[in-house]
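Single-structure report; data block below.
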Amino acid sequence: MPLVQRVRPFVQSGLDKVFDVAATRVRRSAMGYRRSNRMAFTRLQGHELMLADAARVNAYAEAVPRVVTRTDTVLDLGTGTGVLVFLAARAGARLVHAVDHSSIIDVARAVAESNGLDNVVFHQTHSGSLSLDGPVDVLLHEQMGHGLFEERMVSNIADLRDRLLRPGGSIVPSRFEFFVEPVSLRAPYVVPYIWQQRAGGVDYSVLRERARAQPPDHRRLEVTAFQVDRPLTTPVPALLVDLHTASPATLPQVVEFERPVEAAGVVHGLCVWFRAFLDAHATIDTTPFGSPDSTPTSWRNPFLRLEEPITVTAGDRLHVRLEAGTLESLDTWDWTVRLIRP
Ligand SMILES: C[S@@+](CC[C@H](N)C(=O)[O-])C[C@H]1O[C@@H](n2cnc3c(N)ncnc32)[C@H](O)[C@@H]1O
């Protein structure tokens, strides 16, 4: 559910129904994507949940004062309810451009007024249509989807960077590690395909072709840390992205690697997460393997199901291949995991 996914775990119930239908119809259209993204962020609830994500907000609160100086003009892409605008203003920015294509920007404007912020210019527009009188010093954003890329972060930032960021300007966050790792799920959270199920003693095998004809998101689940049992390999970033240089054209269409299996278990699928570096010290990490006392984030993990679980043992190797029409659309992803047994 690329679109609704973005609305994070929280808004699933009501919005899912509305946007699943819309998303199916317009999935491949850029304008359709823009429209559905804009609408998805108009409601307060998703923003409440993002603001309540302490790991997320604290990382920005740490990094922004280290990056923004008193002479800086800052552009906040995707202002939402305005938390990054406030952090930049509090850090002393000379001027902040707050940009959001959703009407949620009215909320940010109201909160800015009531908090006495007067050095913020609000723009309700898609970033691609934004023009300014001069370049900015810092590009702030939080455009990371559950699968890192599906909010078009790379496209949107590359466009603003090339048009509106001064040479040598900062992008926060700019560096990312992207993981796609073979994992085991905890037993109650394994969801076999319908044709493999025998719920209530019923044989559903007749549904195999029908299930395969489902829209591409049928093959993905979303999971949270407690549903994931353990990695079967030592996680290594499958891809490094730096928004100072990345563009949609530099995103690979194939991510492929081979890893030794560290422990016996069952691979149910590939779990996706990312680490965002806001500066040298502050990070946001959506790994499902955080320590028990680490603060969970509001992101979920896309889970790329396998048709058949793979039983592995230490010493085996796993060959993982992720192909994407574009990494910026989860629906174009296709994947295979192959066991190599010496
Ligand atoms: C994940 S929210 C982040 C909101 C806020 N920055 C925060 O950290 O709480 C992303 C916001 O970006 C906006 N947005 C996404 N793509 C955009 C674009 N290309 N141009 C303008 N706004 C965009 C959405 O409407 C949404 O409000």
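The values are calculated or read from the model by the stated rules, or taken from the named source; none is laboratory data. Keep in mind that what you see is a predicted model, and the values were worked out from it rather than measured. Using ideal geometry, Cβ is built from the backbone for each residue, glycine included, and neighbour counts are taken over all protein chains shown. Only protein heavy atoms, including side chains, enter the accessible area calculation; ligands, DNA and RNA are left aside. Shrake-Rupley method; radii C 1.70, N 1.55, O 1.52, S 1.80 Å.
Observations on the structure shown:
- Average accessible surface area per residue within segment 125-169, 1.4 Å rolling probe, Å²: 32 Å²
- Accessible area per residue in Å² at 1.4 Å probe, computed on segment 224-315: 45 Å²
- Contact order relative to length of segment 217-342, as percent, for alpha carbon pairs under 8 angstrom and 6 or more apart: 33 percent
- For segment 166-243, trypsin sites (Lys or Arg not before Pro) meeting the loop criterion (DSSP other than H, G, I, E, B) and having at most 11 other Cβ atoms within 10 Å: R198.
- ³J(HN,Hα) computed for each position of segment 252-263 - Karplus, 6.51 cos²θ - 1.76 cosθ + 1.60, integer Hz, glycine/proline x: x, 9, 9, 10, 9, 7, 10, 9, x, 7, 9, 8
- Comparing V312, V272, V154 in a Gaussian network model of the chain where C-alpha atoms under 10 Å apart are linked, the largest mean-square fluctuation is found at V312.
- The helix-only estimate of mean residue ellipticity at 222 nm for the chain, built from DSSP H runs of length n ≥ 4 each weighted as -39500 (n - 2.57), is -7500 deg cm²/dmol after division by the residue total.
- Antiparallel bridges, percent of DSSP beta bridges restricted to the chain (to nearest 5): 70 percent
- Nonlocal amide H pairs with S174, under 5 Å, H built at 1.01 Å: F277
- Taking amide hydrogens as placed 1.01 Å from N in the peptide plane, the amide H of L239 sits under 5 Å from those of F178, each at least 5 positions away in sequence or on another chain.
- Label separation (N115 vs A263): 4.3 nm, computed from points 7 Å beyond Cα along the C-beta direction.
- Mean Cα-pair separation over length for the chain, i.e. relative contact order, pairs under 8 Å, 6 or more apart, %: 17 percent
- Å² of accessible area per residue within segment 28-109, as computed with a 1.4 Å probe and no ligands counted: 42 Å²
- Longest to shortest principal axis, alpha-carbon extents of segment 176-228, angstrom: 43, 24, 14
- Amide H partners (placed H, <5 Å) of H101, local residues excluded: T125
- The share of alpha-carbon pairs in the chain lying farther apart than 28 Å comes to 44%.
- L49-E308 pseudo-label distance in nm [points 7 Å out on the Cα-to-Cβ vector]: 3.7 nm
- Rounded percent of accessible protein surface that carbon and sulfur make up, the chain, 1.4 Å probe: 53 percent
- For segment 312-329, Karplus couplings with θ = phi - 60° (6.51, -1.76, 1.60), whole Hz, Gly/Pro x: 10, 9, 3, x, 5, 10, 10, 9, 10, 9, 10, 10, 9, x, 8, 4, 7, 9
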